[in-house]
Structure formats: structure tokens, C-alpha cells
Amino acid sequence: MPNETLISEIMCLKDASLSELKAKYVEIFGQESPSCSNKVFLWRRIAHRLQETAYGELSDKAKGRIKTLIAQYDPVNNKALRPTNGQTKSEGTAKKQSRDMRLPIPGTVITKDYKGQMIEIRVLDGGFEYKGKVYKSLTAIAKEITGAHWNGFLFFNL
């Protein structure tokens, strides 16, 4: 399938109805109709499969390298900041981890629209910066903003 034909087919599918996407999904994957009703997801999945069919899949070596990099540097799950499996705690001294793994990596800017005002918080190694002031917790910042006690993770949707 030539490049322009593939691109035009993918772009035509972008405007297709949900039922048309489901029919194309069945045609391409040879499975029963997907249970998903998300048009964007179906369109992306079909587009990926069409490109994979036209140009071929990634090599096993490339797939293995991707898995290695995700395990080593996944910023979403902070795996780069976690101790590796080889590191063990000595007996009797259970060290508390210095960072909460639910937090984004240091340097990340957390944004929130609160009552029409855009709030920006910068994640630091040992706290958070808001309006030039360093706070120890997101909860303290949420209280500063709202005047009421809030769980910081809930307030900033983390």
C-alpha cells in the first residue's frame, strides 16, 4: 500500500462513525466487534494496525530494548527513582523511602485551574515551590490556596 493511500485511508477513518470503525476493526483484526465505544481509541488502534501491516512490526530486538528502557526510565511510575531489585535493606534498619512514589519526578510542574486562576506548583527534591515559597507538602499548598484542609493528592488530581 503506497504511503499516500495509507495516509488518506487513515484520515478518512478519523471522520468515520463509531459503527463504521467497529466494522473496520472486525475486518482488520478478524475478531468480534470490540467492546470499546471510544472513537479515538478505535481510530488509533486501526491506524496502528494498518501501518504495521504496510511497513512491518518492530523487530524483537527493538521491542526488547523498549521494555528495558521503560523498566529503567519510566517517568510516569518513577521507576528511575526507585531502588533496583539488587539493593536490599540491612536487617534491623528499615529505611523509609525519601520520596513518595505517587509524586511526579523533580522538576515537573503541576498545574491546576482553581476558580479561574491557573495555579503552578514545581516539584522539588525535598518539597514543592509555589509563588516563590517552598512547602513540605501539597496539602500545605492546597490549604494556602483554599483556606480549608484538603488532601494535596486529591486537590491536584494526583
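Just so it is clear, none of the values below were taken in a lab; they were calculated from the coordinates. Predicted model only: the values in this text are computed from it and were never measured. Virtual Cβ from ideal backbone geometry, glycine too; neighbours counted across all protein chains shown.
Assorted remarks:
- Likely footprinting exposure, 123, 40, fewest C-beta neighbours within 10 Å first: 40, 123
- When the pairs 112/136; 112/143; 115/143; 14/61 are compared against a 25 Å limit on Cα-Cα distance, 14/61 fall above it.
- For residue 150, nonlocal amide neighbours, meaning residues 5 or more places apart or on other chains whose placed amide H falls under 5 Å from its own, are 143.
- Separation in nanometres of the label points that stand 7 Å from Cα toward Cβ, at residue 31 and residue 19: 2.3
- If you take all other residues with their beta carbon under 15 Å from the beta carbon of residue 8, and give Lys and Arg +1 and Asp and Glu -1, the sum is -1.
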